[in-house]
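Have a look at the structure below, then the notes.
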Amino acid sequence: GAVIGIIGGGQLGRMLSVAASRLGYRTHVFEPGANPPAGHVADRVTTAGYDDHAALRAFGESVDVITYEFENIPTEALDVLEGAAPIRPGREALRVSQDRLTEKTFLRDLGLATAPFADVPDAAALDAALGRIGAPAILKTRRFGYDGKGQARIMAAGDAASALADMNGAPAILEGFVSFSAEVSVIAARGQGGDVACFDPGENVHRDGILRTTTVPARLSAAQRTDAVLLAARILNALDYVGVMGVELFVTPQGLVVNEIAPRVHNSGHWTQNGCAVDQFEQHIRAVAGWPLGDGSRYADVVMENLIGDDLDRVPGLARNADVAIHLYGKAEVKAGRKMGHVNRIIRG
Ligand code: ATP
Ligand code: MG
Ligand code: MG
């Protein structure tokens with residue numbers, strides 16, 4: 001039987017692995033950390049670092065296709081893997097999305113609206129950028145940021161020095177603050193034949209930089225819904241993308257503004273597990289394995305809520321609720337700010 005290689009053993013890798021198993025594949029997960037959530041469900045796990053080229057090569061040679069839950073795979077690791085099995089989504093999507101400056105430039109060159117942005121290699125560049133973009137603004141590390149980490153708000157020019165210090169010397173970009181009425185995301189999929197299918201956009205609420213809830217349907221007009229889907233398709237086509245992508249958008253009176261893209265299944269797409277016949281994980285496996293895309297039309301209204309840290313204590317109570325589907329990641333240790341699971345609440349009309 002065919003084997004799907006998954007790089008990254010977190011909850012996304014775990015749910016991808018389950019979906020792959022359901023389609024009859026075996027899975028092999030590559031993960032540097034010990035005891036990963038995906039390790040309990042995958043057929044095979046390799047525990048090794050991204051600098052262990054022998055382990056990477058052996059992993060690549062043991063699988064038929066390589067996919068990933070994690071976009072920050074080092075370039076040298078990708079060079080090794082590429083020699084062993086096809087990587088889907090492709091390397092261009094990784095190159096573009098590993099660096100916020102490259103990503104924003106790519107989106108702008110596609111003709112899409114983004115926050116105003118500027119490269120900030122040093123303090124002088126930050127002064128110049130603030131002069132052009134103005135406050136409020138957000139300074140973000142170009143690489144490795146997630147869950148709002150590596151970001152500092154600049155409410156007035158006087159905050160610049162401390163914001164720059166928060167970057168710990170890492171290259172950064174300055175983004176003008178977008179005054180949005182809502183945040184939404186499109187979970188889009190593109191198959192190997194170039195067909196594109198999008199799940200219904202979800203409306204996202206963040207707290208402390210971390211996604212708390214996604215609600216479908218999002219409160220969007222028909223025109224905004226069409227715009228969201230069309231711009232997502234434009235992004236996937238431009239990258240000759242194969243697989244599922246999360247596209248985060250700000251809703252503004254001037255139209256939709258793209259915040260960021262994630263070249264993988266996305267937390268804001270977890271509602272699809274209980275709102276669609278084919279969820280984002282199966283859709284991704286279908287695409288990377290060369291199947292036709294599935295039917296992701298939405299048959300229920302859903303509120304997805306992340307269980308973060310001590311939220312896990314609410315599970316016994318949630319388990320008594322008939323309309324709540326519970327998804328736990330099997331993480332060994334509860335930590336503040338750590339995503340431990342999520343629930344999908346079906347809203348019956
Ligand atoms: P993720 O976990 O989604 O990958 P991240 O760490 O990459 O998050 P962003 O998505 O860039 O961070 O920002 C996190 C949140 O901060 C956004 O969802 C939004 O609420 C707010 N935010 C980020 N950039 C801007 C901006 N330019 N204007 C206004 N709000 C912003
Ligand atoms: Mg991000
Ligand atoms: Mg984000």
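Where a number appears in this text, it was derived from the coordinates with a stated rule and is not lab data. Computed from a prediction, not measured in an experiment: that's the story for all the values here. Because the Cβ atoms are built from the backbone with ideal geometry, glycine has one as well, and the counts that use them run over all protein chains shown.
Worth a mention:
- Highest-first packing order for the peptide set 268-279, 319-330 is 268-279, 319-330, based on the mean count of other beta carbon atoms within 10 Å.
- Taking every lysine pair in the chain that is 8 or more places apart or spans two chains, those with Cα atoms closer than 24 Å amount to 8.
- Per residue convex hull volume, Cα atoms of the chain, in Å³: 139
- Tensor-based shape of segment 237-293 (alpha-carbon gyration tensor, a/c under 1.5 rounded, otherwise prolate or oblate): oblate
- Derived scalar couplings ³J(HN,Hα) [segment 239-245; Karplus, 6.51 cos²θ - 1.76 cosθ + 1.60; whole Hz; x for Gly, Pro]: 8, 6, 6, 10, x, 9, 10
- An ellipsoid equivalent to segment 182-347, defined through the eigenvalues of its Cα gyration tensor, has semi-axes of 26, 18, 15 Å when rounded to whole angstrom and sorted largest first.
- Considering only Lys104, Lys331, Lys140, the mean-square fluctuation computed in a Gaussian network model of the chain, springs between alpha carbons under 10 angstrom, is largest for Lys331.
- Over segment 145-246, equivalent-ellipsoid semi-axes from the Cα gyration tensor in Å: 31, 18, 12
- Working from label points 7 Å from Cα in the Cα-to-Cβ sense, the Arg22 to Arg95 distance is 3.5 nm.
- Spacing of the modelled spin labels on Met155 and Val205, each 7 Å from Cα toward Cβ, amounts to 2.3 nm.
- Each principal axis of the Cα atoms in segment 3-87 has its own extent, and those three values, largest first, are 31, 24, 19 angstrom.
- Stokes-Einstein, applied to the Kirkwood radius of segment 187-274 over Cα pairs at a viscosity of 0.890 mPa s and 25 °C, places its translational diffusion at 183 µm² s⁻¹.
- For segment 36-44, 3J(HN,Hα) computed residue by residue from phi via the Karplus equation (6.51, -1.76, 1.60; θ = phi - 60°) reads x, x, 6, x, 7, 10, 6, 6, 8 Hz, glycine and proline entered as x.
- Karplus-derived HN-Hα couplings along segment 185-195 (A = 6.51, B = -1.76, C = 1.60, θ = phi - 60°), whole Hz, x at Gly and Pro: 9, 10, 9, 10, 10, 10, x, 5, x, x, 6
- Mean ellipticity per residue at 222 nm, deg cm²/dmol - from DSSP H runs of n ≥ 4 across the chain, formula -39500 (n - 2.57): -8000 deg cm²/dmol
- Helices in the chain that qualify as membrane-span-like (whole DSSP H runs, Cα extent of at least 18 Å along the helix axis, mean Kyte-Doolittle hydropathy of -0.5 or higher) are 222-238.
- Cβ-derived FRET efficiency at R0 41 Å, Ala128 paired with Gln192, nearest 0.05: 0.40
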